[in-house]
1. Counting Lys and Arg as +1 and Asp and Glu as -1, what is the net charge of the other residues whose Cβ lies under 11 Å from the Cβ of A:Glu94?
2. For the range A:22-121, compute Rg over Rh where Rg is the Cα radius of gyration and Rh is the Kirkwood radius from the inverse mean 1/r over Cα pairs.
3. Just to be sure I understand the model, the point goes 7 Å from the Cα along the line to the Cβ. What's the resulting A:Leu111 to A:Glu213 distance in nm?
4. Considering only A:Gln57, A:Thr87, A:Ser116, whose Cα is most displaced toward the positive end of the charge dipole of the range A:22-121, charges sitting on Cβ of Lys, Arg (+1) and Asp, Glu (-1)?
5. Got a sec to turn the phi values of the range B:60-69 into Karplus ³J(HN,Hα) couplings, 6.51 cos²θ - 1.76 cosθ + 1.60 with θ = phi - 60°, whole Hz, x for Gly and Pro?
6. Counting Lys +1, Arg +1, Asp -1, Glu -1, what net charge surrounds B:Leu74 among other residues with beta carbon under 12 Å of its beta carbon?
7. Rounded to the nearest 0.05, what FRET efficiency do B:Ala88 and B:Ala186 give with R0 = 60 Å and r taken as the Cβ-Cβ distance? Could you check?
8. Pop the C-beta distance of A:Ser193 and A:Ser91 into the FRET formula with R0 = 22 Å and round what comes out to the nearest 0.05.
Amino acid sequence: MSRTPPRRAPSTVAGASAPLAPLSRDSQLAAEIKGLVTGGDRDAARERYGELVARQQRRAVRIAYQYLRDAHDADEAVQDAFIKVFTHITSYREDLPFEVWFTRILVNACLDLRKSRARRLRWAVPMSSTSDTPVVDPATPEPTPEQRLVSRERTNQITAAVDSLPDRQRTVFTLCHLAEQTTAEVSQALGLSEATVRVHLFRAVRKLRRLLEHG
Amino acid sequence: MMKVNHLSDDRLIELSMLEAVSTTEQQHLSACARCDARRVRLQRMLDDVSDTATAAADAAFPPERLARQHSRILAHLQHEGRPARVIAFPAGHAQHEPTVSRTRAGSRWVAAAAVAGLVVGVVAGRFGHDYGRPGASRVIVARTAEEPELRATGTTATIREVSASISDDEFLNQIEIAIDGPSAAALQPIDDLTPRAWDVR
């Protein structure tokens, strides 16, 4: 599987506000869309927004799926997040990376869905236990070659290990490792200090290592 | 002997996920097999987690599904900000109302049929009930015959005496006259349909 190298944040003193990377193409696009909406040209803004959605979509579904473990819920959360971003595009601050702002909205959408799912489950009749196997969408096609390389047992073990992380550790780990955000970006997205983000990240990795290397 | 400073676990995590390896650390990793093995093991574990998560998400969201999602988002935004369309109620429709008047006429017929059925049912039930039981017929006939006597005496002994005064032949003859009458003939089919008390038992 092709993997982009992790984005490295400049080394900073823990807790200090970190300088962020120069604005990305997505941030520039978001600023452009904001300008179009402010100028009343919503049709052109929507057209440009389609491009932005396409650029962010894959990353968004990976984060949401990792967080929710359900394709339908992840689908809904991602849609909600994208719609919310467009309807609130005028409140976007051009000096911040779009990815950070979007991730914050996406994580909130995931949290809302998890809450509503918990409410639903409180009233639902329990079905057969699926806690140790990832939920697979019925429309899911044949496994990819990448999936075949990793044994099912190992996959389940990894999924269970990640699921066992406390919520905050899991969120930080997902954003840092899977969404490849820097600790500075994650601290902005989650409203935590960078030192706190690093602490959660270290604890998450230590726990995963304990579970997966010796498990 | 020179003390070797191995890399801490947290530093290895930082190097694997967050920060670039410095020249000094790179030299140490090249020289220290133990630290390098720890780093490789950690990196492999992180890669496994990443691969598993990515593969699961990508399997759940193939390109077609992403395309559908993209279309739904843009379709939703197409209507966003526009006022809701109000469909006008057709003005002339309320004046005619043929459906309502038809319903009223129909309901009148239904009500009339229900009343007629009730009347027929009551009458049929009354006659059918009386003619269905031999004892009942006897009581009516007997009462007609003995009424003057009952008024005169009003005792059990008198009833026994009056009943005895009508012969069996005369009593059966009166029943046959009653059954053969025109009103009773009309009710005969209903009587046939109605089960007898002794049949039901």
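The values are calculated or read from the model by the stated rules, or taken from the named source; none is laboratory data. Computed from a predicted model, the values in this text were never measured in an experiment. Note that we place each Cβ from the backbone using ideal geometry, even for glycine, and neighbour counts take in every protein chain shown. Heads up: the accessible areas ignore ligands, DNA and RNA and are worked out on the full protein's heavy atoms, side chains in. Shrake-Rupley method; radii C 1.70, N 1.55, O 1.52, S 1.80 Å.
1. Surrounding charge for A:Glu94 is 0.
2. Dividing the radius of gyration by the Kirkwood radius yields 1.01.
3. 3.2 nm
4. Among A:Gln57, A:Thr87, A:Ser116, the one farthest towards the positive end of the dipole of the range A:22-121 is A:Ser116.
5. In residue order, the calculated couplings are 6, 10, x, x, 5, 5, 5, 5, 5, 4 Hz.
6. 0
7. 0.50
8. Details: r = 23 Å, r/R0 = 1.07.
So the FRET efficiency works out to roughly 0.40.
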